[in-house]
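S.K.: Questions regarding the structure given below will be posed in turn.
Any read-out appearing in this document is the output of simple, stated calculations on the displayed coordinates, not a laboratory observation. Because the structure is predicted, anything quoted here is derived from the model rather than measured. Every residue, glycine as well, gets a Cβ built from its backbone with ideal geometry; the counts of neighbours run over all protein chains shown.
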Amino acid sequence: MPSDYSAVIISVELLLILSGCYLLWKYGLTKTAREQASAAKQVFPEWEISLTSFLLFIWMIFCGGLLGQSLLSLFINREEMSNADTLVTAGAAFHGGMLLGIILFKYFFDRLPSRHPQASSWFRKLTLGVITLLIVLPSLTAVGLVWQQSLEWMGVAIEQQDLVGIFADEDSPALLILMTLLAITLAPVTEELIFRGGIFRFMRTRTPRWVALLVPALLFGALHANLASFVPLVALGIILSLAYERTGSIVVPIVAHGLFNLHTIVLILSGVTA
């Protein structure tokens, strides 16, 4: 991308980060924000299922992912596909299978209506998702810089995720569009329902709060199997859990997660970040 476009992207990115700093102060650090967060913690509802049912939830997700991969192998010959095509289709099949497992569990084993501490309109949920994204940007920028410097100090080679390399090198517009759609829709919905709507929600009222925040975030970071992005993704997972706890709506972290993926893709395609 020409340097003038890159300069525009960098300027917009700096503006977003500065906006995020203000929103972080307003919604996270002021006295009013702390009081609201404390109130939300007190009324966050328990997920009224047993440990056995929760383990069944995890098992159905795992089996769904395997089923998706198995069905893929029946209908597609991976040997005839490029590495990029294989990675994208395998990821889509795995996430689609996990989402199917979540849906089946909800329909057959979790028929109780969800209780949320507060109800809000879809417009407000979308707005809160955007606000969460803006808060994420300066937070992950700081965490990412510290983590990258730590890895360099320890002499650890920094390797980018496979999907990042594909986005940067892929020339097929159709594949880029497909990957983008999957990254901003299927992946955020599936991962948020598992890690925030599932694991965090179950642990939140049964374990110390810091454990409930940390465990799903660690699993979320480990899922992406990349050391360079591990700690920033853990931080992202914690922030998304806090957003879910604060708003009582899983839509908010889903929106923030999808927008975060879109933001990352734009930076990659612009050539601003590798």
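S.K.: So, R0 is 25 Å and r is the distance between the beta-carbons of L262 and K26; what FRET efficiency does that work out to, to 0.05?
M.R.: Efficiency computed from Cβ-Cβ geometry: 0.60.
S.K.: Let me ask something else about it. Considering every pair of different Cα atoms, what Kirkwood radius, in Å, is found for segment 49-113?
M.R.: After inverting the mean inverse Cα-Cα distance, the result is 12.7 Å.
S.K.: While we're here: DSSP loop (so not H, G, I, E, B), at most 11 other Cβ within 10 Å: list which trypsin sites (Lys or Arg not before Pro) in segment 10-51 pass both filters.
M.R.: none
S.K.: A further question follows. Given the peptides 133-140, 6-13, arrange them by the average over their residues of other C-beta atoms within 10 Å, most packed first.
M.R.: 133-140, 6-13
S.K.: So, one more: FRET efficiency for A7 and I58, Cβ-Cβ distance as r, R0 = 45 Å, nearest 0.05?
M.R.: Efficiency, rounded to the nearest 0.05: 0.45.
S.K.: Something else about it: Where a Cα-Cα gap under 29 Å defines reach, which lysines qualify for K31, not counting those fewer than 8 residues away within the same chain?
M.R.: Straight-distance partners of K31: K41, K125.
S.K.: What ranking do F200, F123 get, fewest neighbouring Cβ atoms within 10 angstrom at the top?
M.R.: Taking fewest neighbouring Cβ atoms as first place, the list is F123, F200.
S.K.: Exposure proxy check: I177, I250 ranked by fewest other beta carbons within 10 Å?
M.R.: Placing the least packed residue first, the sequence is I177, I250.
S.K.: Any number yet on Rg/Rh for segment 152-274, C-alpha, Kirkwood?
M.R.: Rg/Rh for segment 152-274 comes to 1.01.
S.K.: Also, I was wondering about something else. Would you please calculate the Kirkwood hydrodynamic radius of the chain over all C-alpha pairs and express it in Å, rounded to one decimal?
M.R.: Taking every pair of different Cα atoms in the chain, averaging 1/r and inverting gives 20.0 Å.
S.K.: Going by how many other Cβ atoms sit within 10 Å of their own, how do E191, E48 line up, fewest first?
M.R.: Ascending Cβ contact count within 10 Å gives the list E48, E191.
S.K.: Under a plain spin-label model, where a point goes 7 Å from the Cα along Cα-to-Cβ, how far apart in nm are A39 and L104?
M.R.: 4.3 nm
S.K.: Summing -39500 (n - 2.57) over the DSSP H runs of n ≥ 4 in the chain and dividing by its residue number, what mean residue ellipticity at 222 nm do you reach, to the nearest 500 deg cm²/dmol?
M.R.: That comes out to -25000 deg cm²/dmol.
S.K.: Expressed as a whole percent, how much of the Cα-Cα distance distribution for segment 1-99 exceeds 15 Å?
M.R.: Beyond 15 Å sits 78 percent of the P(r) for segment 1-99.
S.K.: While we're here: If the chain between Q148 and L71 were fully stretched, how many nm would it gain, using 0.36 nm times the residue separation less the Cα-Cα distance?
M.R.: Result: 23.9 nm gained on full extension.
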